[in-house]
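Computed from the coordinates by the stated procedures, all read-outs in this text should not be read as laboratory data. Note that the structure is predicted; figures quoted are calculated from it, not measured. Note that we place each Cβ from the backbone using ideal geometry, even for glycine, and neighbour counts take in every protein chain shown.
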Amino acid sequence: MAGVDFVDVRKSFGAFPVIKGVDIQIEDGEFVILVGPSGCGKSTLLRMLAGLENITAGEIRIGGRTVNALPPKDRDIAMVFQNYALYPHMTVADNMAFSLMLNGSPKAEIDKRVNAAADILGLTKLLDRFPRQLSGGQRQRVAMGRAIVRDPQVFLFDEPLSNLDAKLRVAMRAEIKELHQRLKTTTVYVTHDQIEAMTMADKIVVMHDGVVEQVGAPLELYDRPANLFVAGFIGSPAMNMIRGRLDPGDPTRFVATDGTTLPVHRPPAAAKGRDLVYGLRPEYMALAGEGQPAEVVVIEPTGYETQMIVRLGGTDVTCVFRERVDVRPGETIHLKIDAEHVHLFDVESGSRLFD
Amino acid sequence: MTTVPTTQPTATSAPWLQNNNLLGFFFMLPAAVFLVCFLTYPLGLGVWLGFTDTRIGRDGVFIGLENYVFLAGDKVFWLAVFNTLFYTLIASILKFALGLWLALLLNENLPCKSFFRAIVLLPWVVPTVLSALAFWWIFDSQFSIISWSLMQLGLIDAPINFLGDPTNARMSVIAANVWRGIPFVAISLLAGLQTIPASLQEAASLDGATNWQRFRYVTLPMLTPIIAVVMTFSVLFTFTDFQLIYVLTKGGPVNATHLMATLSFQRGIPGGQLGEGAAIAVAMIPFLLGAIMFSFFGLQRRKWQQGGQD
């Protein structure tokens with residue numbers, strides 16, 4: 001096992017830069033998720049780590065060893081592909097044994113490791129089948145089994161769950177996380193799904209447009225997003241964002257562009273006199289007898305919680321209540337905003353202003 | 001005015017149109033007529049002629065297996081059988097090896113890729129007789145460009161007798177056939193190569209495979225179904241080849257390049273022995289069926305290509 005370091009890594013396709021200087025340190029045994037919207041460069045970065053794409057500039061190290069010039073087979077890494085990339089002409093057992101067969105392991109050793117991996121993943125009964133005879137979830141497991149038998153330095157996952165249905169995805173999420181807790185192999189995992197990132201990662205790297213926006217533990221990103229992009233990307237339903245400025249007379253009051261005033265707990269000194277975005281997560285609004293009046297637009301009960309879109313001043317705002325609420329669209333409710341959890345962002349730079 | 005007959009016209013159409021079997025028969029009729037006229041009848045006639053002593057200008061009578069009995073003792077016929085097998089075997093092996101090699105090259109990211117792919121098809125596009133004539137010149141005993149070049153380089157003293165010597169003639173016609181047959185193999189295998197997902201190659205290289213191992217364990221097994229189909233066709237085309245031989249050597253020298261197809265023609269049309277010529281042609285059928293069966297049962301169907309039961 002080993003850590004992974006990206007040092008000012010860059011990548012261009014022709015003159016077009018896709019990775020614009022990425023620095024990431026991944027500790028030994030860590031589960032790191034690269035997350036971001038389509039085209040942000042996260043998959044390219046993973047493929048560069050795997051050796052499937054050239055590195056235009058910078059350095060990638062695995063376990064302290066620079067791997068820039070090493071071909072994929074010499075990097076001692078295993079990858080799970082989005083389409084699984086199982087060899088269709090080999091049985092499950094042969095698929096898993098392939099890498100061991102290539103490096104000339106003795107037959108007994110191969111059998112032992114394949115059986116052990118099959119045991120972990122519940123594939124023992126499927127070892128003689130061909131990939132075509134498996135369901136999506138089973139193929140996914142075989143792809144993971146192929147990675148496990150090698151006992152590599154690093155596991156790479158490239159959007160491994162995106163071909164599965166919603167229910168299976170949740171189950172596989174837990175399986176992958178459990179697998180990591182058991183094997184403790186350094187893992188780099190790419191996804192565009194922030195829920196996957198939040199639920200599985202030790203550390204999340206949020207990428208956007210070829211740069212790293214923020215690196216941190218899941219709840220750290222949730223509670224203290226560094227900028228507007230991270231604030232909007234992490235969290236579902238997304239954070240509400242309202243444009244406006246602080247009241248020059250009373251900086252604990254935020255005045256939205258439509259004139260609505262909202263509370264601020266500790267106004268940062270840098271916020272005064274600047275165009276701001278008022279960021280408020282949906283769960284930090286509570287129903288109260290008095291407070292901000294808001295008109296109900298849409299109610300979405302899920303049983304577990306109630307999501308509601310309400311019109312606060314001139315802006316539509318999403319809020320989430322744990323309790324069941326008996327209101328109808330068009331009615332007015334009163335919201336109490338938890339000012340301690342309000343984030344203020346500078347419009348010009350997009351950065352969060354810390355108090 | 002008389003009254004209109006009172007039978008109620010059905011809302012749809014005549015009852016025979018409702019019968020699927022009958023309707024299906026009528027739909028198949030044009031294709032069936034075509035097949036019967038242009039495939040079944042000539043084939044049937046050929047088989048029938050093989051059992052008669054028909055000559056040009058004279059209807060024959062049924063003579064049973066007499067033609068075949070005669071051929072069984074005919075040294076020239078057996079030489080043609082040997083020539084055909086030799087020609088097919090060597091040419092097919094060369095076409096497969098060179099075609100696969102070319103396909104692998106064209107599958108790489110070359111500059112001007114589509115230009116090269118178009119060029120490769122050229123030998124196949126040119127009419128066979130035309131390319132055969134070109135080879136006739138290339139293999140000419142006096143003016144051959146190959147002989148001339150080698151003489152200019154000082155490697156040989158006299159022109160090579162390409163088509164006059166039995167061994168040289170065999171090699172020459174095989175070379176011409178290979179040149180002509182490579183594009184079909186190369187382009188078909190290239191199409192097959194492009195259906196292999198790139199991620200499989202990537203997975204194999206991450207699994208530690210060298211280039212050769214990726215070819216041996218991933219590319220080749222996934223290509224076998226297409227190789228089977230392409231090589232079956234290639235073998236059939238080669239086995240029944242006529243035009244190249246007829247233009248280049250007409251079967252000579254001393255029958256060294258006579259294939260079954262050219263011998264059949266020579267005995268049947270210029271020789272006038274239609275029955276005997278037909279018998280030679282019919283004698284090709286078992287070989288061709290054998291080739292098809294081999295590819296069908298031996299190569300084409302693989303367990304991993306079939307779907308799962310659950």
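For chain A, what are the DSSP H helices with axial Cα length of 30 Å or more and mean Kyte-Doolittle hydropathy of at least 0.0?
Details: long enough: none.
Helix filter hits for chain A: none.
Springs between alpha-carbon pairs under 10 angstrom, Gaussian network model over chain A: which of A:P329, A:P251, A:P131 fluctuates most?
A:P329
Counting Lys and Arg as +1 and Asp and Glu as -1, each charge on the Cβ, what is the dipole of region A:4-227 about the Cα centre in debye, to the nearest 20?
Numbers: 27 positive and 28 negative charges, 141 e Å.
Using Cβ point charges on Lys, Arg, Asp and Glu, region A:4-227 gives about 680 debye.
Along the positive direction of the dipole of chain B (beta-carbon charges: Lys, Arg +1; Asp, Glu -1; about the Cα centre), which of B:N20, B:T52, B:A291 reaches farthest?
Projecting each Cα onto the dipole axis, the largest value belongs to B:N20.
What is the dipole size for region B:74-300, taken about its Cα centre, with +1 at each Lys and Arg Cβ and -1 at each Asp and Glu Cβ, in debye to the nearest 20? Before the final figure, lay out the partial values.
Details: 10 positive and 9 negative charges, 37 e Å.
About 180 debye.
Which ordering of B:S114, B:S199 is given by a fewest-first count of other beta-carbon atoms within 10 Å? Can you show the working numbers first?
Working: B:S114 9, B:S199 17.
With the sparsest Cβ surroundings first, the list reads B:S114, B:S199.
Name the residue from A:T191, A:V298, B:I245 whose Cα lies farthest towards the positive end of the charge dipole of the protein assembly as shown, charges +1 on Cβ of Lys and Arg and -1 on Cβ of Asp and Glu.
The listed residue farthest towards the positive side: B:I245.
Work out, step by step, the length gained on full extension between A:S349 and A:S12: first 0.36 nm times the residue separation, then minus their alpha carbon distance; give nm to one decimal.
On the way: separation 337, 0.36 × 337 = 121.32 nm, distance 2.56 nm.
In short, 118.8 nm is gained.
Amide H neighbours of B:D140 under 5 Å, counting only residues 5+ apart in sequence or on other chains, H built in-plane at 1.01 Å?
Correct list: B:I145.
Just to verify a number: FRET efficiency for A:D316 and B:L17, C-beta to C-beta distance, R0 = 56 Å, to 0.05?
Values: r = 62 Å, r/R0 = 1.10.
After rounding, the FRET efficiency stands at 0.35.
According to a simple spin-label model (label point 7 Å from Cα along Cα-to-Cβ), what is the distance in nm between B:R55 and A:D193?
Roughly 8.5 nm, to one decimal.
Using the Cα centre as the reference, give the magnitude of the dipole from point charges on the C-beta atoms of region A:237-346 (Lys, Arg: +1; Asp, Glu: -1; all else neutral), rounded to the nearest 20 debye. Walk me through the numbers on the way to the answer.
On the way: 12 positive and 16 negative charges, 60 e Å.
Here region A:237-346 has a charge dipole of around 280 debye.
Once you keep just the Cα pairs under 8 angstrom separated by 6 or more residues, what percentage relative contact order results for chain A? Could you put the intermediate results ahead of the total?
Details: 732 pairs, mean separation 55.8, N = 355.
Relative CO of chain A lands at 16 percent.
Here is the link list: A:K125/A:K203; A:K42/B:K113; A:K125/A:K167; A:K20/A:K272; B:K95/B:K250. Which ones come out longer than 25 Å on Cα distance?
Values: A:K125/A:K203 35 Å; A:K42/B:K113 30 Å; A:K125/A:K167 23 Å; A:K20/A:K272 33 Å; B:K95/B:K250 23 Å.
Flagged as over cut-off: A:K125/A:K203; A:K42/B:K113; A:K20/A:K272.
Please list the helices of chain B that count as membrane-span-like by this rule: a mean Kyte-Doolittle hydropathy of at least 1.0 together with Cα atoms stretching 24 Å or more along the helix axis, each helix being a complete DSSP H run.
Working: long enough: B:75-107 (47 Å, 1.62); B:166-194 (42 Å, 0.84); B:220-239 (27 Å, 2.04); B:274-293 (29 Å, 1.92).
Counting only whole DSSP H runs, the qualifying helices are B:75-107, B:220-239, B:274-293.
Straight-line reach from A:K73: which aspartates and glutamates have a Cα under 15 Å away, not including same-chain ones fewer than 8 places off?
A:E53, A:D151, B:E202, B:D207
Among all the aspartates and glutamates, which ones have a C-alpha under 13 Å from A:K107's C-alpha, if same-chain residues fewer than 8 places away are not counted?
Those aspartates and glutamates meeting the cut-off are A:D94.
Enter the Cα centre distance for the pair region B:184-208 and region A:169-190, rounded to the nearest angstrom.
31 Å
Pick from A:E331, A:E30, A:E283: which is most flexible by mean-square fluctuation in a GNM of chain A where alpha carbon atoms under 10 Å apart are linked?
A:E331
Rounded to the nearest 0.05, what FRET efficiency is calculated for B:V126 and B:L39 with R0 set to 41 Å and r the Cβ-Cβ distance?
On the way: r = 27 Å, r/R0 = 0.66.
Efficiency, rounded to the nearest 0.05: 0.90.
Could you work out the relative contact order of chain B, using alpha carbon pairs under 8 angstrom and six or more residues apart, expressed as a whole percent?
Working: 332 pairs, mean separation 81.5, N = 310.
Relative contact order for chain B comes out at 26 percent.
Report the label-to-label distance for B:T224 and A:T252 in nanometres (one decimal), using points 7 Å from each Cα along the Cα→Cβ vector.
Taking the two extended label points, one gets 7.9 nm.
In nm, give the distance between the simple-model label positions of B:Q194 and A:D165, each being 7 Å from the Cα along the Cα-to-Cβ direction.
3.5 nm
Projected onto the charge dipole of chain A (+1 at Lys/Arg Cβ, -1 at Asp/Glu Cβ, origin at the Cα centre), which of A:H334, A:L134, A:I19 gives the Cα projection farthest towards the positive end?
Checked the options; the winner is A:L134.
For an R0 of 25 angstrom, estimate the FRET efficiency from the Cβ-Cβ distance between A:E178 and A:D111 and round to the nearest 0.05. If you can, show how the numbers build up before the last one.
Details: r = 25 Å, r/R0 = 0.99.
For R0 = 25 Å, the calculated efficiency reads 0.50.
Suppose a student asked you for the relative contact order of region B:206-262, using Cα pairs under 8 Å spaced at least 6 residues apart; what percent would you report?
Details: 22 pairs, mean separation 13.0, N = 57.
Once divided by the residue count of region B:206-262, the mean separation gives 23 percent.
Pull out a ≥ b ≥ c, the square roots of the eigenvalues of the alpha-carbon gyration tensor of chain B, then state rounded if a/c is under 1.5, prolate if not and a/b is larger than b/c, and oblate in the remaining case.
Details: a/c = 2.18, a/b = 1.18, b/c = 1.85.
Verdict is oblate for chain B.
Quickly estimate the mean residue ellipticity at 222 nm for the protein assembly as shown, helices only: each DSSP H run with n ≥ 4 gives -39500 (n - 2.57), and the total goes over all residues, rounded to 500.
Counting only the DSSP helices, I get -13500 deg cm²/dmol.
If each residue of separation counts as 0.36 nm, what is the full-extension length gain between B:F26 and B:N109 once their alpha-carbon separation is subtracted? Mind showing how you got there, number by number?
On the way: separation 83, 0.36 × 83 = 29.88 nm, distance 5.13 nm.
24.7 nm is the gain from fully extending B:F26 to B:N109.
Please state the equivalent ellipsoid semi-axes for the protein assembly as shown: what are the square roots of 5 times the Cα gyration tensor eigenvalues, largest first, in whole Å?
Details: eigenvalues 1067, 259, 123 Å².
Those come to 73, 36, 25 Å.
Please say if region A:121-194 is rounded, prolate or oblate, where rounded means a/c under 1.5 for a ≥ b ≥ c the square roots of the C-alpha gyration tensor eigenvalues, and otherwise the choice is prolate for a/b larger than b/c and oblate otherwise?
Numbers: a/c = 1.77, a/b = 1.14, b/c = 1.56.
Note, shape of region A:121-194 comes out oblate.
Arranged by the count of other C-beta atoms within 10 angstrom, fewest first, what order do B:K75, A:K73 take? Don't skip to the answer; put the middle values down first.
Details: B:K75 8, A:K73 20.
Least crowded to most crowded, the residues run B:K75, A:K73.
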